[in-house]
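Below is one structure, written out as structure tokens; the observations come after it.
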Amino acid sequence: MTDSYLLHNGTKVYTDSDERPPLASFLLAYFASVKGSRRVLELCSGSGAVTFWNLDRDFSGSAVLVDLRNGQLELAARTASENGFNVRTVLCDAASFRDPERFDVVICNPPFFNEQDKSADPGRNAVRHENGLDPDALFSSAAVNIKHRGHLYICHLPDRLPDIFESLRRNGFEPKTVRFCRHSAERLPFLVLIDSIYKGGKKLTVMPDLCVFGSDGKYTEELMDICEEDYA
């Protein structure tokens, strides 16, 4: 069943009521904060939560959304059409996508879990498990689609960070900025946000952690600025 939610500046985004965008997508959108009229590629886009979050704010350029699920892309196309956004959807495996024109920015909230951690639920497995789209396959695709010194923004599990860094470098990306996300200051990070530059120099900045809840048990002001959307 189709559902929708409203973003900060009133953009109505269509989604599947059985597959609402995860918190990780909004945290990634905020971390990337694409501005201006650049050209953006979102791999494993689903219904386009990351791209539409940025288009609702300061991004005025064009975007291509790539996903293997036609239903999700149809929802993204509806959102783009009704809001007048310059967005094209492509039904394709992220690992094999190629575009004749390179992108300024590539963004991806990829499947987090590898083959050893497969779920017994086929639907959950299709969305959350790599199924052949391991980091090397993903970053190789990003490398052939991105401009020199373009930015690749991803989120992933903190315990896979060593493998992610190795794979990024094998494919020509240099990690430049990371930010860990915690549910609260007392808990271990549940997500890491990574900004890498294609053919960038070797210097890494670690930002202060982003906390979902404050010491009072309420959402932090930063989290509310990211995720204040109201579900219609």
Output ordering of 207-213, 145-151 (per-residue mean of other Cβ within 10 Å, highest first) is 145-151, 207-213
DSSP bridge orientation in the chain - percent antiparallel, rounded to nearest 5:
50 percent
So for segment 1-71: antiparallel DSSP bridges make up what percent, rounded to the nearest 5?
50 percent
Simple spin-label model, 7 Å along Cα-to-Cβ: Leu157 to Lys203 in nm?
3.4 nm
Give the label of the value calculated from the structure for P(r) over Cα pairs in 10 Å bins from 0, in percent, choosing from [x] 8, 33, 39, 19, 1, 0; [y] 8, 35, 40, 16, 1, 0; [z] 7, 27, 28, 20, 10, 4, 2, 1, 0.
[x]
If the only charges are +1 at each Lys and Arg Cβ and -1 at each Asp and Glu Cβ, what is the size of the charge dipole of the chain around the Cα centre, to the nearest 20 debye?
960 debye
What does the charge count near Gly214 come to, summing +1 for each Lys or Arg and -1 for each Asp or Glu among other residues with Cβ under 13 Å from its Cβ?
-2
Relative contact order %, segment 2-231, counting alpha carbon pairs below 8 Å whose residues are six or more apart
17 percent
Using a cut-off of 29 Å between alpha-carbon atoms, which lysines can reach Lys202, once sequence neighbours fewer than 8 places away in the same chain are excluded?
Lys35, Lys147, Lys176
So what's the net charge close to Asp99: Lys and Arg +1, Asp and Glu -1, counting the other residues with Cβ under 11 Å from its Cβ?
+3
Return the FRET efficiency for the residue pair Asn83, Ser215: r is the Cβ-Cβ distance, R0 is 45 Å, and the value is rounded to the nearest 0.05.
0.75
Ranked by how many other beta carbons lie within 10 Å on average, peptides 90-100, 13-23 from highest:
13-23, 90-100
Going by C-beta contacts inside 10 Å, put Ser167, Ser81 in order with the fewest on the left.
Ser81, Ser167
If one computes the Cα centroid of segment 1-62 and of segment 155-227, what distance in Å separates the two points?
19 Å
Helix-only mean residue ellipticity at 222 nm, the chain, DSSP H runs n ≥ 4 weighted -39,500 (n - 2.57), per residue, nearest 500. What is it?
-8000 deg cm²/dmol
Note: Arg149 to Glu166 extended length (0.36 nm per residue) minus current alpha-carbon separation gives 4.3 nm
Highest mean first, what order results for 38-50, 63-75 on Cβ atoms within 10 Å?
38-50, 63-75
For Met1 and Leu91 in the same chain, what is the full-extension length gain: residue separation times 0.36 nm, less their Cα-Cα distance, in nm?
30.4 nm
Extension gain Glu222-Asp18, at 0.36 nm per residue separation less the Cα-Cα distance, in nm?
70.7 nm
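Read-outs throughout are calculated quantities, based only on the coordinates presented, and are distinct from any laboratory measurement. A quick note: this is a predicted structure, and the numbers were derived from the prediction, not measured. Note that we place each Cβ from the backbone using ideal geometry, even for glycine, and neighbour counts take in every protein chain shown.
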